[in-house]
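For reference, the structure is listed below as structure tokens.
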Amino acid sequence: MKIPADPNDFDAILQPIWEFLATQADVAKADVIFVFGGLGNEIPQRATELFKLGVAPVCLVTGSSGPLTAGVYTKSEAEVFADEMVKEGVPAQSIFVERSARNTGQNVAFGMAMLRNLNIPTTRVAIVCKAFLARRAMLTFQQQCPQVQTLPLPPVGTPSKMLDRSQEDFAQRLLDELTRLTDYAEAGYIAATDIPRSVTAAAEAVRAMLSQ
């Protein structure tokens, strides 16, 4: 059996993996909306939605460029997202832009350093990023800033609604993300986490489909 083309079937086979990676907290008040760069307007749109809901009074957008955005954006990911947020109604003075981070670890390190320098409280941080990166972003905060309470609030949707590449490549990217959770924890980049058996079983099934 190959990866199914039907969106409902595609979502069904990935659901256990998706629900684990794209962890979603209840919307609640935070000190800052911490926005990770990337490719896809769903990220700044989600950050804008949360700002308009009154989740936090300020936003920090972080990111230089990556493999998916180099040659696509003419500015840093953070600047592109900040521009989109302003266009959607977030006041420019409520957005702080960090343009140098090139990976998730740097996003957290550089972004939090900027917030400290600005004397912005960071007791509770709402995280907005690619949905399937939400757990790793949260674990990165837990490793670097264990005193900070994090609220992962990525864009809401199913895998088929979040495709940024072919279905096969997207499914493989989710499997790679599970591997990174283990490898990065062993390297000390993120806090360790237990991956439920239901998730590993789903990953084994998807891996078998991709090998067809």
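The values are calculated or read from the model by the stated rules, or taken from the named source; none is laboratory data. As the structure is a computational prediction, the values presented were derived from the model and not from experiment. Because the Cβ atoms are built from the backbone with ideal geometry, glycine has one as well, and the counts that use them run over all protein chains shown.
Per-structure values
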read-out: Residues within the range 80-94 that are touching a residue at least 12 places away in the same chain (Cβ under 8 Å) and farther than 19 Å from LEU39 by Cβ, tallied; value: 3
read-out: Sole residue being loosely packed, with under 15 Cβ neighbours inside 10 Å, in contact (Cβ under 8 Å) with a residue 40 or more places away in the chain and more than 22 Å from THR140 (Cα to Cα), chosen from SER198, SER166; value: SER198
read-out: Subset of the range 119-159 [of a type in the set (S, T, N, Q) and either assigned to a helix (DSSP H, G or I) or touching a strand residue (DSSP E or B) at 6+ places or on another chain (Cβ under 7 Å) (or both)]; value: THR122, THR123, THR140, GLN142, GLN143, GLN144, GLN149, THR150
read-out: Count - residues of the range 99-118 that are within 15 Å of PHE141 (Cβ to Cβ) and outside any helix (DSSP H, G or I); value: 2
read-out: Out of ALA5, ALA70, ALA92, sole residue that is aliphatic (A, V, I, L, M) and under 21 Å from LEU133 (Cα atoms); value: ALA70
read-out: Enumeration of residues in the range 29-45 that are under 13 Å from GLY63 (Cα atoms), at pLDDT 95 or above and either surrounded by fewer than 19 Cβ atoms within 10 Å (Cβ to Cβ) or among the aliphatic types (A, V, I, L, M) (or both); value: VAL35, ILE43
read-out: Selection from the range 1-28 of residues that are part of a loop (DSSP other than H, G, I, E, B) and either modelled with pLDDT of 95 or more or among the basic types (Lys, Arg) (or both); value: LYS2, ALA22, THR23, GLN24, ALA25, ASP26, VAL27, ALA28
read-out: Total residues in the range 46-84, condition outside any helix (DSSP H, G or I), closer than 22 Å to MET112 by Cα and not basic (Lys, Arg); value: 14
read-out: Residue in the range 176-199 that is out of contact with any strand residue (DSSP E or B) (no Cβ under 8 Å at 6 or more places or on another chain), among the β-branched types (Val, Ile, Thr) and closer than 24 Å to ALA47 by Cβ present; value: yes
read-out: Selection within the range 160-212 - part of a helix (DSSP H, G or I), touching a helix residue (DSSP H, G or I) at 6+ places or on another chain (Cβ under 9 Å), basic (Lys, Arg) and more than 16 Å from THR23 (Cβ to Cβ); value: LYS161, ARG173, ARG207
read-out: Top-ranked residue of the range 14-28 - restricted to ones that are in contact with a Pro (Cβ under 7 Å, 6 or more places away or on another chain) and of a type outside the set (Phe, Trp, Tyr), ranked as surrounded by the fewest Cβ atoms within 10 Å (Cβ to Cβ); value: GLN24
read-out: THR74, sole failed condition from (1) in contact (Cβ under 8 Å) with a residue 40 or more places away in the chain; (2) more than 17 Å from ILE43 (Cα to Cα); (3) of a type in the set (Ser, Thr, Tyr); value: (1)
read-out: Residues of the range 85-96 that turn out to be more than 17 Å from the chain's Cα centre (by Cα) and either within 20 Å of GLN144 (Cβ to Cβ) or not in a loop (DSSP other than H, G, I, E, B) (or both), as a count; value: 7
read-out: Qualifying residue in the range 67-84 (condition: touching a Pro at 6+ places or on another chain (Cβ under 9 Å) and among the aliphatic types (A, V, I, L, M)); value: yes
